[in-house]
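Nothing in this text is a laboratory measurement; each read-out follows from the coordinates by a stated rule. Keep in mind that this is a model prediction, so the values were computed, not measured. Heads up, the Cβs are rebuilt from the backbone with ideal geometry, glycines too, and the neighbour counts pull from every protein chain shown.
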Amino acid sequence: MTNYRTFSPSLQHKIDTLKARRESIQLGSIGFDSPLLLAPMSSICTAPYRLLMEQLGAGGTVSELVSCHGINYKNDKTIKMLEIHPLEKNIGLQLFGEDPQAMADAAKFAQDCNPDTPTKFVDINMGCPVRKVVSKGGGSALLKEPVKLGKFFSTIKKELNIPLTIKIRTGWDSDSINAPEVIHIAKEEGIEFVAIHGRTRTQGYSGLASWELLEDIAKLKILPMIGNGDLHSSYMVKERMKQTDCQALMLGRGPLRDPFIFLDSYKTDEDNFHFTPTDHLEVIERFHEYLEDYCDRERTILITLRKNIVWMVAGYPNVTHFRNAMFRAADIKETMAITKEFLTELGESKKQIDHTQTFMAGGHG
Ligand SMILES: Cc1cc2nc3c(=O)[nH]c(=O)nc-3n(C[C@H](O)[C@H](O)[C@H](O)COP(=O)(O)O)c2cc1C
């Protein structure tokens, strides 16, 4: 493992100050460093990004969805997705599939494949709305036939000696909101917690997540519950934390544009500091180091870096001009140099993001 560069004293001080305000929580038998968790996101929540977010205050993280069949076929790319960084602490690996035994075999493999840094739990994706997944009976299609779920859960659980958890949507469509029924079955079978994205499968990513419904479900207190959907800014997170009956909240797209969202959610009016453009630069440089360690191909590093940098600088002035220049950059070195120049010149600028505009209306959960 590389000796990573340290953050500057000024950034580290801000991180430490805000991290110290977090309170650890227990969801069933699983402990997290705070009730604000990073949501699973395909092609994003690989080890480097999860580790970065954990260091920037996420109380825990979940991997991207990984195919149970890919695992059982020992597909190289799929197995790579199960890799956990030695510095990661509170991580769960998420699997998707429709066949109970195939899921059970894959779950056992996922449990055992990082002997030095084992996953804390295995999570089942029951929210993916993507046709390719639901047409085979996986993802949110699992919500359609709750009678099959008892056997599904128990078959998987039998193979594991770590906790099993689920991430669902509120139901298949507005006529079949059945999250409470699904959670009751999950409880019977010893599932540890449920994360719920407050939309139905049919909604995809349209409209808004129904927090009214999420809170109604949370009040039933069937299982420890994590609420999820549209918490895009630290302001929105703080407002929700003040009033929620959920034990924890999960953030997906928010952290992509604000890597400090987990920390800023603990900031008060008395704090006379903010995360500056050069703080963002340090985060990007740290992320680059993690990617160098994790990725086998330079091209993958370049594509991942570019994608995340564009998201991370969203809301700063002159972003369009910067983005065009960065996408013309020949290699990683030039990409990093252009990014450094852009963020350094921004001085103490603050971000302005219009959260009413749609951002990434698509995903696997
Ligand atoms: C690009 C992208 C990929 C996603 N991939 C997954 C996934 O692999 N597994 C999953 O359970 N949910 C996945 N989701 C759903 C998120 O975990 C989350 O439920 C959803 O984005 C709503 O939360 P948010 O508004 O905080 O982003 C994905 C979402 C996005 C935008």
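Here are the numbers for the structure shown:
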| read-out | value |
| --- | --- |
| Label-to-label distance, nm, for residues given as D175 and E285 (7 Å Cα→Cβ offset) | 5.8 |
| Dipole of the chain [Lys/Arg +1, Asp/Glu -1 at C-beta], most positive-end residue of G59, T117, M103 | M103 |
| Proxy reagent accessibility, fewest Cβ within 10 Å first, across C246, C128, C295, C113 | C113, C295, C246, C128 |
| Taking L214, L87, L343 and counting other C-beta atoms within 10 Å, the order from fewest to most | L87, L343, L214 |
| Dipole of the chain [Lys/Arg +1, Asp/Glu -1 at C-beta], most positive-end residue of S206, T268, L164 | S206 |
| FRET efficiency, 1/(1 + (r/R0)^6) with R0 25 Å, evaluated for K77 and K144 via beta carbons | 0.30 |
| Non-local Lys pairs in the stretch 221-365, i.e. 8 or more apart or on different chains, that have alpha carbons under 27 Å apart | 19 |
| Stretch gain in nm, segment I353-K242, where the contour uses 0.36 nm per residue and the Cα spacing is subtracted | 37.7 nm |
| Extended-chain gain in nm, criterion 0.36 nm per residue less alpha-carbon gap, T117 and A337 | 75.8 nm |
| Cross-link table K19/K157; K74/K158; K19/K187; K89/K219; K89/K136; K132/K157, entries beyond 28 Å C-alpha to C-alpha | K19/K157; K19/K187; K89/K219; K89/K136 |
| Mean ellipticity per residue at 222 nm, deg cm²/dmol - from DSSP H runs of n ≥ 4 across the chain, formula -39500 (n - 2.57) | -12000 deg cm²/dmol |
| Relative exposure of D264, D175, judged by other C-beta atoms within 10 Å (fewest first) | D175, D264 |
| Difference of contour (0.36 nm per residue) and Cα-Cα distance, N324 to K151 | 57.1 nm |
| Given charges at beta-carbon only (K, R positive; D, E negative), |dipole| of the stretch 277-345 in Debye | 380 |
| Only Lys, Arg (+1) and Asp, Glu (-1) charged, at Cβ; the chain dipole about Cα centre in debye | 640 |
| Rounded to the nearest 20 debye, dipole of the stretch 4-103 from Cβ charges on Lys, Arg, Asp, Glu | 380 |
